[in-house]
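The values are calculated or read from the model by the stated rules, or taken from the named source; none is laboratory data. Everything quoted here is computed from the prediction, not taken from an experiment. Backbone-built Cβ (ideal geometry, glycine too); neighbour counts: all protein chains shown.
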Amino acid sequence: MTPGSTSPSLQIDRLCCVRGDRTLFHDLSFAVSGGELLHLKGHNGSGKTTLLRALAGLLLPESGEIRWQGENIRALREEYARHLLYLGHHNGIKGDLTAVENLRIAAILDGYALDEETAWRILAEIGLRGHEDLPTKHLSQGQKRRVALARLLANRATVWVLDEPFTALDVAAVQLLQDVIHRHVADGGIAIVTTHQEVAMIGANTRTIELGRRDA
Amino acid sequence: MTPGSTSPSLQIDRLCCVRGDRTLFHDLSFAVSGGELLHLKGHNGSGKTTLLRALAGLLLPESGEIRWQGENIRALREEYARHLLYLGHHNGIKGDLTAVENLRIAAILDGYALDEETAWRILAEIGLRGHEDLPTKHLSQGQKRRVALARLLANRATVWVLDEPFTALDVAAVQLLQDVIHRHVADGGIAIVTTHQEVAMIGANTRTIELGRRDA
Amino acid sequence: MAEFFHMGGYGLYVWGSFGITALCMIAEPLLLRGRSQSIRKRIARMARVEQEVQQ
Amino acid sequence: MSSRLINWFKFSSPATFYPLARKISVASAVIAVVLIAVGLYMSFFVAPTDYKQGEGYRIIFVHVPASWMSMFIYLVMAAWAAMGLVFNTRLSAMMAQALAPTGAMFAFISLWTGSFWGKPMWGTWWVWDARITSELILLFLYLGYMALRAAIDDPRRGDRASAILLLVGVVNIPIIYYSVQWWNTLHQGSTIKMNAETTMDETMLITMLIMTLGFWAYSIAVAMARVRTVILERERTASWVRELGLAGS
Amino acid sequence: MLEPLYWIIRRDLTIAMRRRADVFTTLIFFVIVVSLFPLGIGPEPETLRQIAPGIVWVGALLASMLALEQIFSADHRDGTLEQMLLTPQPVSVLVVGKILAHWLVSGVPLVIMAPVLGLQYNLSADVLLVLMASLLLGTPALSLIGAIGAALTLGLRSGGVLLALLVLPLYIPVLIFGAGAVEATASGLGGQAHLSMLAAILVASLVLAPLATAAALRVAED
Amino acid sequence: MLEPLYWIIRRDLTIAMRRRADVFTTLIFFVIVVSLFPLGIGPEPETLRQIAPGIVWVGALLASMLALEQIFSADHRDGTLEQMLLTPQPVSVLVVGKILAHWLVSGVPLVIMAPVLGLQYNLSADVLLVLMASLLLGTPALSLIGAIGAALTLGLRSGGVLLALLVLPLYIPVLIFGAGAVEATASGLGGQAHLSMLAAILVASLVLAPLATAAALRVAED
Ligand code: HEM
Ligand SMILES: Nc1ncnc2c1ncn2[C@@H]1O[C@H](COP(=O)(O)OP(=O)(O)OP(=O)(O)O)[C@@H](O)[C@H]1O
Ligand SMILES: Nc1ncnc2c1ncn2[C@@H]1O[C@H](COP(=O)(O)OP(=O)(O)OP(=O)(O)O)[C@@H](O)[C@H]1O
Ligand SMILES: [Mg+2]
Ligand SMILES: [Mg+2]
């Protein structure tokens, strides 16, 4: 899945994030490289979402650096975006477009073409058969989440940053998603995932980082 | 928790709900009475949210009746509302008010007064100490959910209708919430809960209803 | 004949009025026909799909 | 009494009304064609030339019926909406929905033909006369109703929301009408008044009546045809629709 | 019945105070729109004075309508509206509370600001007084009528513009009598009759609008 | 660079077509606002003809501004905007696409409708032509400038009104030259000079606005 001469690597160097009055974390340093799954843990409000948004380049950290292949992601911008796939609390799909249209437009903006047929196949794989050409606003919570996750199956990005991807999914879908993530990592990709659910994220190549300490 | 001469009972009679083109369920009949916990299961898109909204009186079913103590809830309206507590996918809290203010205003609209002190105690109990007087828009996903759930600790309603209450909660909070629900049921209340997480909702007095069948 | 269409100098106005009225009252049923046909086709397709599924 | 009530509710079911609507529609269409043909003939060949306005006055034969229909249809829609809210019958809302485009069309025709009349008579396409202004507002009310319907995806929700809008609108129509009247007459210097030319010739009156009845029949025919389409659109999953066997048509 | 009314108003005013910018933005919109016209029309004082009542009133009407879009939408989005429909309080009471709070925040500043704008157009003192009176009677009616539209368009994507389409035709009587009162005073005819009509409209909408709004809210949450 | 542009436009036009009502509501808002003024001002044809260019232009300006509120907000709420910022495409290109699509849907109908409204105010044929030309040059400039404001106010609760506040002052030059062109033609002076100024504004905003908007979007998602 990840061609490229050197192994991909993401370095976090003395990162510090502040929201409102509170310093969520500071002097946070770690590195993730190809083939690793990073499971980010922490109680509610410990700063997981904040960290992930910083990793995606959406949020400017207070201090510290995030480096992709040795270069600051702020400097790389579009170059880094080519290798990144971020899924946040929002699904990032348009309610007025069908699942197929959503998937294809996302692919084109990500810089590669996805033909209609492949899109249908991927949606079927993720359990949306029969719902492919409904405007997604008519889907249930879990179905919408699946449309968003379908991008994982289509995408060629190296770094997956997933914020609570398992919410709203039923048991079958959780299983499927776990498999997809493990396959991505086995292929040499990077996955950074938060989840409160004690799902089997624990594999041979899983690292866990725990943020925050229960305060008061 | 539930005073009242007769045991509370909620009857669902030949209910049929249609969304868009699809009939989600029809001829659905069951009854829940005091001391029972109903766990609603079903894959994504099977109609759990739809059913819960109908039970809360927010959604007009295509046909069929929902009866509280033998009378249609459409006829009872405010009378039924007095006994009901519904928590949906939305948290139903104002981002500009603090947790304490949110809790107190909800109580007053529900028809009982909640003094400041009790509100603080409840919020501490649910793990929000130190965040009580921050505007809730500055809280994290899980913390917001906790503010919403604090109403369970303050409320005197008999029927709890909870749509995926465990989303976004960390492990400690999930445990706490389970205890609260079980205590409510033990006290003679009714709880109707959906969740995809295989949490220990299974107790002595738990009934499970499974909606829908995986289509295609 | 030409005199009839001339309408004593008011030709543009009289025919402009009657013309638009006629146009509207003819176009409306035609548009409606299109709408009716498209829903009929859709129902027929739904029935066909259903049969295929059952087989 | 009770049997009549049952009968009524039977016809308020879309499934039973569907075939009935077709019969009504066809019959009205025939009547409309005949009446409008007769009306047109009389408009151009029987009615005499007006001594003051010359041939131009013939516009009256479409203008006035269209104006009347546009106002009348709104009232009928509001009545259906009220019935739908009270009895919770689905068909009522569908009837209101089916009438709206026709009503809007007549409001538009009224404005258009009025302008085409005003230009030769007053030398301008438009004046801010009370009646003209309220006809314009009526068109806005129609458009608002249709836009609201179009914006709501769930048809049952759309039914109830647009019924509320119609009822609010119908309460306001008289207020709007009189306020506009007052606004216009209290104002100094309003130039021209739209006045029905003295006494109307009897043939003119009869012609106008025939055209009005023709428009009326036309409205019924179109509304019934449209309500059939609306029923199909909304009940497309119902078993009775599938049993119609529409595959061929 | 009065206690929940009080609390709803208090709640909404608290929220408004936390975001003080909101209060001013409606006002400033009003000021800008009214000041925009001389730029579009040209600086002739006589023409301007003649059209002043109409322009101030149209400005107030647009400002009030735009502000109205927010009256329920925030509550709808975060789920608090849904919770309000599930309380044992009559919905129309809650609606009255919300409208009243909204008017206090967005309507009253318009009434206070209007004379200043009137000065820009060279209106005399007694005309300004009538202008204020007409706005004092008219803006609550606008809020009440507009709330129906806001409830009907709740959650629809094209909310803002659709609201305008639904509500502006219903605003016309208020506009006519409001601007009419000012103009009549300016031309020495006395605006008494117009003001009484405005008062009548206010009373009628106070009775009917909350019911219609409550019904529309129930539909919107379906 | 052209392919993503094409797809963004296509995407937004598809969505607009799925909700055809949206296209018409902006238009109808324009029609209603312009028709509202005579009700406030009075029916005298001479006064009305005099103020017509200003009113039509202010109407177009308000309609365009209201429609603009939606340009990014839906994408922001459902998270697609966030995703767009994370694509390898230059953000300003995506912004140009979105603005262009938005203008096609909301600006062009205004240009086409304007002459009909001009008729209501008794404008003559050549004046109507200049009115259309000025709107054809002016409305895209309004969209471009307004997009900056829309991006800046993204996600703020008081979005609509705040947007008005930020954007209206920037609209003033467009309004002055736009209405000025029409008025100059009506009074026989010829609107050439005004129209060239409008064209200059359009070019300038075409160069600068997308960059500013892209920067503002990055800030909004922080
Ligand atoms: C855009 C312009 C116009 C509009 C919107 C308009 C609208 C209307 C409406 C709504 C009515 C029905 C009123 C009622 O029955 O009470 C009507 C009737 C009528 N209109 Fe017009 N009108 C317009 C222009 C004109 C002009 C220019 C004339 C003639 C000079 C005219 C002559 C009449 C006559 C004679 C009637 C019948 C009056 C009656 O039956 O009482 N209209 N028009
Ligand atoms: N916009 C904001 N302004 C101020 N403070 C904020 C903001 N967003 C988040 N915070 C604060 O930052 C802290 C961390 O938030 P974050 O969303 O990163 O937590 P999280 O680890 O993702 O929690 P959860 O598990 O509940 O999703 C919270 O305590 C919250 O109070
Ligand atoms: N507004 C709507 N319009 C049309 N169809 C809808 C609408 N809302 C939901 N549906 C359809 O109804 C079905 C059931 O939705 P519902 O939200 O009740 O599912 P659910 O069981 O809660 O699923 P989940 O576990 O994903 O939350 C879905 O298949 C969806 O397509
Ligand atoms: Mg989080
Ligand atoms: Mg659900």
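Filtered by the rule that a residue be assigned to a strand (DSSP E or B), within 13 Å of ligand 2 (Cβ to nearest atom) and either among the aliphatic types (A, V, I, L, M) or within 23 Å of A:Glu79 (Cβ to Cβ) (or both), the range A:31-68 gives a lone residue, A:Leu40. Residues of the range B:149-165 being aliphatic (A, V, I, L, M) and within 16 Å of ligand 5 (Cβ to nearest atom), which ones? Residues satisfying the conditions are B:Val161, B:Leu162.
The criterion of being in contact (Cβ under 8 Å) with a residue 60 or more places away in the chain, outside any loop (DSSP other than H, G, I, E, B) and of a type in the set (Gly, Ala, Ser) holds for A:Ala148. Entry remark, the range A:154-182: residues being polar (S, T, N, Q) and surrounded by 22 or more Cβ atoms within 10 Å (Cβ to Cβ) number 1 in total. Taken as a whole, the range A:96-115 holds at least one residue that is closer than 15 Å to F:Pro88 by Cβ, in a helix (DSSP H, G or I) and in contact (Cβ under 8 Å) with a residue 40 or more places away in the chain.
The number of residues in the range F:82-132 that are farther than 30 Å from A:Arg74 by Cα and touching a Gly at 6+ places or on another chain (Cβ under 6 Å) comes to 3. Annotation for the range F:87-100: at least one member residue is under 12 Å from the mean Cα position of the chain (by Cα), more than 12 Å from every other protein chain (Cβ to nearest Cβ) and farther than 30 Å from E:Ala52 by Cα. Note on the range A:109-122: residues that are buried (at least 20 other Cβ atoms within 10 Å of the Cβ) and either among the β-branched types (Val, Ile, Thr) or facing chain F (nearest Cβ under 8 Å) (or both) total 3.
The single residue among A:Leu28, A:Leu15 that is more than 15 Å from ligand 4 (Cβ to nearest atom), touching a Pro at 6+ places or on another chain (Cβ under 9 Å) and over 24 Å from F:His76 (Cα atoms) turns out to be A:Leu15.
The one condition from (1) closer than 20 Å to A:Gly212 by Cα; (2) more than 16 Å from ligand 2 (Cβ to nearest atom) that A:Leu28 does not meet is (2).
Taken as a whole, the structure leaves E:Asp222 outside the set of residues that are among the charged types (D, E, K, R) and either in a helix (DSSP H, G or I) or touching a residue at least 40 places away in the same chain (Cβ under 8 Å) (or both). Which condition from (1) among the hydrophobic types (A, V, I, L, M, F, W, C); (2) more than 16 Å from ligand 3 (Cβ to nearest atom); (3) away from chain E (no Cβ under 12 Å) is the one that B:Leu85 breaks? Against the list (1) among the hydrophobic types (A, V, I, L, M, F, W, C); (2) more than 16 Å from ligand 3 (Cβ to nearest atom); (3) away from chain E (no Cβ under 12 Å), B:Leu85 comes up short only on (3). Every listed requirement among (1) within 16 Å of ligand 3 (Cβ to nearest atom); (2) at pLDDT 90 or above is met by A:Thr167 save one, (2). Taking the criterion of being more than 16 Å from E:Asp222 (Cα to Cα) and at the interface with another protein chain (Cβ under 8 Å from one of its Cβ atoms), would at least one residue in the range B:71-79 satisfy it? Yes, that holds for at least one residue.
Filtered by the rule that a residue be of a type in the set (Phe, Trp, Tyr) and in contact with a helix residue (DSSP H, G or I) (Cβ under 7 Å, 6 or more places away or on another chain), the range A:106-152 gives a lone residue, A:Trp120. If A:Thr118 satisfies all but one of (1) at negative phi; (2) within 16 Å of ligand 4 (Cβ to nearest atom), what's the number of the condition it fails? Condition (2) is where A:Thr118 drops out.
Of all residues assigned to the range E:139-150, at least one qualifies as being of a type outside the set (A, V, I, L, M, F, W, C), within 14 Å of another protein chain (Cβ to nearest Cβ) and either in contact (Cβ under 8 Å) with a residue 40 or more places away in the chain or surrounded by fewer than 24 Cβ atoms within 10 Å (Cβ to Cβ) (or both). When you look at E:Pro43, is it at pLDDT below 90, more than 14 Å from chain B (Cβ to nearest Cβ) and either assigned to a helix (DSSP H, G or I) or over 13 Å from the mean Cα position of the chain (by Cα) (or both), yes or no? Here the answer is yes, as E:Pro43 does meet what is asked.
Taking the range D:143-155 as the range and being outside any loop (DSSP other than H, G, I, E, B), free of Cβ contacts under 8 Å to residues at least 12 places away in the same chain and either of a type in the set (Lys, Arg) or in contact with a Leu (Cβ under 8 Å, 6 or more places away or on another chain) (or both) as the test, the residues that pass are D:Ala147, D:Ala151.
Scanning the range A:25-45 for residues that are within 14 Å of chain B (Cβ to nearest Cβ) and either closer than 19 Å to A:Leu87 by Cα or within 16 Å of ligand 5 (Cβ to nearest atom) (or both) yields A:His39, A:Leu40, A:Lys41, A:Gly42, A:Asn44, A:Gly45. Pull up the range A:160-172, narrow it to residues that are outside any loop (DSSP other than H, G, I, E, B) and within 11 Å of another protein chain (Cβ to nearest Cβ), then point me to the one that is farthest from ligand 1 (Cβ to nearest atom). Of everything passing the filter in the range A:160-172, A:Val171 is farthest from ligand 1 (Cβ to nearest atom). Going by the structure shown, is A:Tyr86 within 30 Å of F:Arg18 (Cβ to Cβ), more than 16 Å from ligand 4 (Cβ to nearest atom) and not in a helix (DSSP H, G or I)? For A:Tyr86, the condition - within 30 Å of F:Arg18 (Cβ to Cβ), more than 16 Å from ligand 4 (Cβ to nearest atom) and not in a helix (DSSP H, G or I) - is not met.
Pick from A:Leu128, A:Leu211: which is surrounded by 22 or more Cβ atoms within 10 Å (Cβ to Cβ), within 13 Å of chain B (Cβ to nearest Cβ) and at pLDDT below 90? Every option except A:Leu128 fails the conditions. Residue count for the range A:132-153, restricted to those that are crowded, with 21+ Cβ neighbours inside 10 Å and over 13 Å from the mean Cα position of the chain (by Cα): 8.
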